[in-house]
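Undergrad: Structure below; questions to follow.
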Amino acid sequence: ALARIYQWERCDQPQRSLFLNETGTESEILTLSEIRPELLTYYRVPATSGVPEVNTGADADAVGSLPLLPPPDVSEGEGAANDDGPDDPDDNVVALPWAARRGKTNLHVQRFVSLFNQTAPDENRWQVFSDFVHMAACSLYNALHRDEAFEADYMRRVGRYSREDANNMSCLLAEVIQGLEFCPTDFLGQIFMNLELGNARHGQFFTPYNVSHTMAQMTLSDGLPVLTSGERDFITVSDPACGAGGMIVALAEAMLEAGFNPQKQMMAYCVDIDPVAAMMCYIQLSLMGIPAIVATGNSLTVEIKREMATPMFVLGHWHYRWQAERTRQAA
């Protein structure tokens, strides 16, 4: 869905399109079983002889009562003989899920830093980074919302740069996308600290992702039982000083590891007083497909200047689900 919204193109195929034909449910399930098996729900079905007839209407209730199987452990099994070697263009092996790449070096971090240093090298580094995250966030936000103020801000910022530097900005966003696809992490937060752009005077430091992941697992130990019991359909999480959104990304990853779907069972509300941090958070949560509202404002004084809904928040009709949950809690 996100690929269609942002009209991402493929660079490895001559047709330059992401989807040749509309895929059906069967194709999507087969694809997920290969590249993201942890997202599928598996049921233990008694073995039968022959090929069973498909009766979706009659079997729907029966399937819902079947015991759930744990998602497959992507770390199980032996690796292919050429996993550690150079990529073979004739190799037909499907890419491993991101869980198998956890802990490995994300080369897109260094590629981002290298390209960033080549972009408008005579300009202030913080200003270039600020313009990049604002422009990227505007592009993602206006894919659905079509806000004229965001479009005007984008045009004002991009007008400062040459055609080559503006093209580099697009390439930087591509590195962010590929970096998050490689493995869920606080990609932009790590970049921000590597470039030494943090404001130490204001205590602006981004938590290492491995620490965020551990904290997420501890936090969810209290929240997931209400989903398991069926007491609630989803949980809400809030980060009043969200930074680049690393904690929310870690919560989503921890939910996946526990067998839950954060796109349907978690909604996040994030606030940061720094507009640059809020934009970084919006970019990452949008690209990760996490339903969230990202606000720029002061959590202590409850002064909110701007709220931005991620694409998955809009596509999942979370405004109505969230309002219904708030009404339920008030009652």
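The values are calculated or read from the model by the stated rules, or taken from the named source; none is laboratory data. If you're wondering where the values come from, they're calculated on a predicted model, not measured in any experiment. When we count neighbours, we look across all protein chains shown, and the Cβ atoms used for this are built from the backbone with ideal geometry, even at glycine.
Undergrad: Quick check on residue 286: is it in a helix (DSSP H, G or I), at pLDDT below 90, among the hydroxyl-bearing types (Ser, Thr, Tyr) and not assigned by TED's automatic domain parsing to the domain that holds residue 141?
TA: no
Undergrad: Anything in segment 140-166 that is at pLDDT 90 or above and exposed (fewer than 13 other Cβ atoms within 10 Å of the Cβ)? List them, or say none.
TA: If the condition is that a residue be at pLDDT 90 or above and exposed (fewer than 13 other Cβ atoms within 10 Å of the Cβ), then 148, 149, 152, 155, 156, 159, 162, 163, 164 are the ones that fit.
Undergrad: On to the next question. Answer with yes or no whether residue 229 is of a type in the set (Ser, Thr, Tyr) and out of contact with any Pro (no Cβ under 6 Å at 6 or more places or on another chain).
TA: Yes, satisfied.
Undergrad: Continuing with the same structure: Which pairs have Cβ atoms under 7 Å, sit 6 or more apart or on different chains, and link a residue in segment 141-159 that is assigned by TED's automatic domain parsing to the domain that holds residue 130 to one that is part of a loop (DSSP other than H, G, I, E, B) and of a type in the set (S, T, N, Q)?
TA: Note: pairs meeting the criteria are 150/142; 151/142.
Undergrad: A further question follows. Out of 238, 212, report the one residue that is over 20 Å from residue 113 (Cα atoms) and in a helix (DSSP H, G or I).
TA: After applying the criteria, what remains is 212.
Undergrad: What about residue 130, is it within 19 Å of residue 245 (Cα to Cα), outside the structural domain of residue 245 (by TED's automatic domain parsing) and small (Gly, Ala, Ser)?
TA: In short, yes.
Undergrad: Answer with yes or no whether residue 295 is in a helix (DSSP H, G or I) and either outside the structural domain of residue 182 (by TED's automatic domain parsing) or not basic (Lys, Arg) (or both).
TA: no
Undergrad: Between 311, 225, which is more than 18 Å from residue 209 (Cα to Cα) and surrounded by 14 or more Cβ atoms within 10 Å (Cβ to Cβ)?
TA: Exactly one of 311, 225 is more than 18 Å from residue 209 (Cα to Cα) and surrounded by 14 or more Cβ atoms within 10 Å (Cβ to Cβ), namely 311.
Undergrad: Here is a further query. Name, by its number, the condition in (1) buried (at least 21 other Cβ atoms within 10 Å of the Cβ); (2) charged (D, E, K, R); (3) touching a strand residue (DSSP E or B) at 6+ places or on another chain (Cβ under 9 Å) that does not hold for residue 253.
TA: (3)
Undergrad: Just wondering, is there one or more residues in segment 261-278 that are outside any strand (DSSP E or B), at pLDDT 95 or above, among the small types (Gly, Ala, Ser) and within 14 Å of the chain's Cα centre (by Cα)?
TA: The answer is no, given that none of the residues of segment 261-278 is outside any strand (DSSP E or B), at pLDDT 95 or above, among the small types (Gly, Ala, Ser) and within 14 Å of the chain's Cα centre (by Cα).
Undergrad: So which of 238, 229 is among the small types (Gly, Ala, Ser) and modelled with pLDDT under 90?
TA: Residue meeting the stated conditions: 229.
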